[in-house]
1. Residues in the stretch 23-34: is at least one modelled with pLDDT of 90 or more, more than 30 Å from Ser153 (Cβ to Cβ), surrounded by 12 or more Cβ atoms within 10 Å (Cβ to Cβ) and aromatic (Phe, Trp, Tyr)?
2. Is it the case, given these coordinates, that Leu151 is in contact (Cβ under 8 Å) with a residue 24 or more places away in the chain, part of a helix (DSSP H, G or I), under 21 Å from Pro43 (Cα atoms) and hydrophobic (A, V, I, L, M, F, W, C)?
3. For Ala165, state whether it is surrounded by fewer than 18 Cβ atoms within 10 Å (Cβ to Cβ), assigned by TED's automatic domain parsing to the domain that holds Pro41 and either among the hydrophobic types (A, V, I, L, M, F, W, C) or at pLDDT 95 or above (or both).
4. Return yes or no: is Glu168 part of a helix (DSSP H, G or I) and over 15 Å from Ser9 (Cβ atoms)?
5. Just for the stretch 19-57: of the residues that are in a loop (DSSP other than H, G, I, E, B) and touching a strand residue (DSSP E or B) at 6+ places or on another chain (Cβ under 6 Å), which one is farthest from Asp145 (Cα to Cα)?
6. Only one of these conditions is not met by Gly91: (1) assigned to a helix (DSSP H, G or I); (2) over 22 Å from the mean Cα position of the chain (by Cα); (3) surrounded by fewer than 13 Cβ atoms within 10 Å (Cβ to Cβ). Which number is it?
7. Go through the stretch 116-142 residue by residue and tally those that are surrounded by fewer than 13 Cβ atoms within 10 Å (Cβ to Cβ) and outside any helix (DSSP H, G or I).
Amino acid sequence: MLGWPKNTSFIAAEFSGPGELIDGARKMRDAGYKNFDCHSPFPIHGMDHAMGLARSPVGWIAGICAIFGATAGLALQWYAMSISYPLVIAGKPYFAFQAYVPVTFAFGVLGGAFGAILSMLIINRLPRLNHPLFNSEQFKRFSNDAFFISLESDDPLYDETKARAFLEAIGGKNVEVLKDE
């Protein structure tokens, strides 16, 4: 399923700095929340660990697709030159694999690139042209000087009043509930 389901709620809370954002992410993780995200105007070292995120599977998927692409490229050349249209060229055998290396490499790169792009889009639930957080006036500051944690309503522990109180307890200010309609 691409994108979020309709009528999803989000709670966003502002934090005063990167240290407070990391502490808030740790407390969210320790409290058992899973479907939350941290927003910062710059990358923060250690944020993935603080949020409890696992390594991305995109690299493995891209590697498997690259191997599949290289195998498909080599098989295509073998079939064309050995089975479908066999020719003896300069006394070489039908399957002279040394000549097939450039095309095999190109198919491997192509397969890896397609695998990486498609898996990234699926894992990140893209394309989504509009997100409810973009409708918030205070959230527009996140790309300049503000730090936010947003919690999705599909989180197993989501309860609007409890989540709002928890975000305020861990240092969140300007807590706002946003609806996707």
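1. Start the filter on the stretch 23-34 by keeping residues that are modelled with pLDDT of 90 or more, which leaves 23-34.
Those left that are additionally more than 30 Å from Ser153 (Cβ to Cβ): none.
No, because not a single residue in the stretch 23-34 is modelled with pLDDT of 90 or more, more than 30 Å from Ser153 (Cβ to Cβ), surrounded by 12 or more Cβ atoms within 10 Å (Cβ to Cβ) and aromatic (Phe, Trp, Tyr).
2. So Leu151 fails the test.
3. Yes: the conditions hold for Ala165.
4. yes
5. Per the stated criteria, the residue is Asn35.
6. The failed condition is (1).
7. Residues meeting the conditions: 8.
Every residue, every condition in (1) at pLDDT below 90; (2) assigned by TED's automatic domain parsing to the domain that holds Ile44; (3) at positive phi; (4) of a type in the set (A, V, I, L, M, F, W, C), yes or no:
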residue: Ser150; (1), (2), (3), (4): no, yes, no, no
residue: Asp154; (1), (2), (3), (4): yes, yes, no, no
residue: Ala169; (1), (2), (3), (4): no, yes, no, yes
residue: Val175; (1), (2), (3), (4): no, yes, no, yes
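The values are calculated or read from the model by the stated rules, or taken from the named source; none is laboratory data. Because the structure is a prediction, the values reported are computed rather than measured. Cβ: placed from backbone, ideal geometry, glycine included. Neighbour counts: every protein chain shown.
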